[in-house]
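Read the figures in this text as sums done on the coordinates, not as results from a lab. In this text, all values refer to a predicted model and were calculated from it rather than measured experimentally. Note: ideal-geometry Cβ built from the backbone for every residue, glycine included; neighbour counts use all protein chains shown.
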Amino acid sequence: MASAPVLEHDVSLRPYNTFGLEVKARLFARFSSVDELRALLALPEVQQSEKLVLGGGSNLLFTKDFEGVVLKNEIRGLEIISQDDASALVRAGAGESWHGLVQYALDQELSGIENLSLIPGTVGAAPLQNIGAYGAELKDTFEQLEALETATGELRTFSAAECGFGYRESVFKGALKNQFIVTGVLLRLHRQARPNVRYGDIQTTLQDMGVAGEPTPRNISEAVSSIRRSKLPDPAQIGNAGSFFKNPEISQARFDELKSQYPALPGYPVPGGVKVPAAWLIEQCGWKGLRRGPHGVHDRQALVLVNHGGAQGQDIRDLAYEIIASVREKFGVELHPEVNIM
Ligand code: EPU
């Protein structure tokens, strides 16, 4: 039996968003099972309200109080549901922390998500934006997810193809936005380590760590964690939501044009064009390390906007729009936010 749902009023969301912004939710409830979620969705107050499902709150910028109902996903559980010589199928509850799942995989000697170490947020949020870092993406190991349809209370599964994964994209940010609540994720992880050290910094960090020969998944996890700690602010210390913008993709012709003007411009070929680092463009516009009172741009990664304490969400949003305008003016390239601005 699910316990009776508890709806709280006027709850501070400060502990539930990694920007550390002081905003309130008119209504707030937690659920730790599918039954509890269904019971919540059946409440008239919930049915009549705009719903926001929160995992770790690590990809959100609140610019005002949320007038609807925040549903905090606390569905737990980590287990191997089947395995053979080559792989194991791991199921994780959507409310588990993503890094907790990475550690579980390492403890089980499974490989495939070690490059995604230390990404803030929950398992359930990971597929929404197909999290990626250091040469790996969620979709590389993703098998399927389970999600509850808000309108009907029906559970259904989505294969990788049905999720429509792209760069920081899925069908849940597009055509099916706000229609499903992810309750569990299944990943296919490898029994044999498959070290992925394509990202240059991993190799140099492994060398610095004194790892010779083939690195273990744990070595890679430690290397990635060390790189992240050196470049990205820890949300427990400085409020932030990781990369605020996506890396833009431009046409090869446009890239060649820019490259002749800015020979140092980095670029990575992608189908249909070239992906350029937004951080480079932003840094060239002089924003890196900028501080305007309590908010600003991180001094070691220009893609990350920060709240040093006491910032307002609107000020961070306004800064983001100023950055977008300056990059447009200098380079003719359009940046798009990666975080969800509420
Ligand atoms: N760069 C700068 N200035 C900076 C930072 C970077 O010029 O301040 C340039 C450098 O040329 C560098 C290049 O940007 O070589 C790439 O930088 P980095 O490897 O730090 O990665 P990124 O493209 O800035 C992306 C992801 C990160 C992920 C890293 C590592 C996006 C939007 N961001 O950043 O993801 O950790 O690669 O794989 O794709 C996140 O999504 O929240 C996130 C942190």
(message) Looking only at the stretch 229-258, count every residue that is free of Cβ contacts under 8 Å to residues at least 12 places away in the same chain and under 29 Å from L54 (Cα atoms) and tell me the total.
(response) 3
(message) Anything in the stretch 29-57 that is among the hydroxyl-bearing types (S, T, Y) and buried (at least 21 other Cβ atoms within 10 Å of the Cβ)? List them, or say none.
(response) none
(request) Determine whether the stretch 259-271 contains at least one residue that is more than 12 Å from the ligand (Cβ to nearest atom) and either touching a residue at least 60 places away in the same chain (Cβ under 8 Å) or under 25 Å from N59 (Cα atoms) (or both). (result) no
(request) List every residue pair whose Cβ atoms sit under 7 Å apart, with the two residues 6 or more apart in sequence or on different chains, where the first one lies in the stretch 209-220 and is surrounded by 16 or more Cβ atoms within 10 Å (Cβ to Cβ) and the second, anywhere, is in a helix (DSSP H, G or I) and of a type in the set (A, V, I, L, M, F, W, C). (result) P215/L206; P217/L106; R218/L106; N219/L206; I220/I202
(message) I need the full set of residues from the stretch 292-325 which are assigned to a strand (DSSP E or B) and not hydrophobic (A, V, I, L, M, F, W, C), in order please.
(response) R292, H295, G296, N307
(message) Please count how many residues of the stretch 156-197 are touching a residue at least 40 places away in the same chain (Cβ under 8 Å), within 27 Å of M342 (Cα to Cα) and among the aliphatic types (A, V, I, L, M).
(response) 3
(message) Filter the stretch 274-312 down to the residues that are small (G, A, S) and either within 13 Å of the ligand (Cβ to nearest atom) or under 16 Å from F245 (Cα atoms) (or both) and list them by number.
(response) A278, A279, G286, G289, G296, A302
(request) Spot the failing condition for V274; the list is (1) surrounded by 17 or more Cβ atoms within 10 Å (Cβ to Cβ); (2) in a helix (DSSP H, G or I); (3) of a type outside the set (D, E, K, R), and only one is missed. (result) (2)
(message) So, in the stretch 194-221, how many residues would count as being in a helix (DSSP H, G or I) and closer than 16 Å to Y134 by Cα?
(response) 12
